[in-house]
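The values are calculated or read from the model by the stated rules, or taken from the named source; none is laboratory data. Given the structure is predicted, the values throughout are model-derived calculations rather than measurements. Here Cβ is always computed from backbone atoms with ideal geometry, including for glycine, and neighbour counts include all displayed protein chains.
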Amino acid sequence: MNKTKIRNIISAKNNNLRRRWLDFRNGHSIYLIFLMTFANFVTIQYKLLIEKVPFLTHSIFSSIWVFAIVFVAAYVPLGMIIGYWHRKNQFSVEQEALFSQNQIGATINLFIIDLIDGKVTEDEKQQMRNYLLKIMKRSTRPPVVSNEGNNKSPQSETKVNPERTQ
């Protein structure tokens, strides 16, 4: 086996391992921990609130399972309503705040405006092109396919169209 094939095999295994690690972290933090903390929350509410009031324990919530069912039946729709409100009202505020802090996006957008207006020199074009090429070379994503069709399939090695770098 030559060195290129060995590097490709190691890179593929490493990429697969990194994806599995990402899958684990997402499954753990988004789903498993969510379920565990939710169950913990229900248990704490039952122990600290319901068990301290004999009337509720003896008449309405005879067991933690009854309380859990009633709690989930009320809590989940309430969470959906609040989540909907957040998405409709607050999400745009959060995105605007993130957008206003995005220096790279602002630099690229300003460059595009200046390019359209004809205010960009050839040297500035080359600097921006080199900057973006450095980012593309670090990326594991396939390159954008150009109109000339010079790029290979997405499975091939990531290369930038040489005509774009000149």
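Observations on the model:
- For residue 36, the test of being modelled with pLDDT under 90 and of a type in the set (A, V, I, L, M) is failed.
- Taken over the stretch 15-65, residues that are within 30 Å of residue 138 (Cα to Cα), basic (Lys, Arg) and surrounded by 11 or more Cβ atoms within 10 Å (Cβ to Cβ) amount to 1.
- Total residues in the stretch 28-71, condition small (Gly, Ala, Ser) and assigned to a helix (DSSP H, G or I): 4
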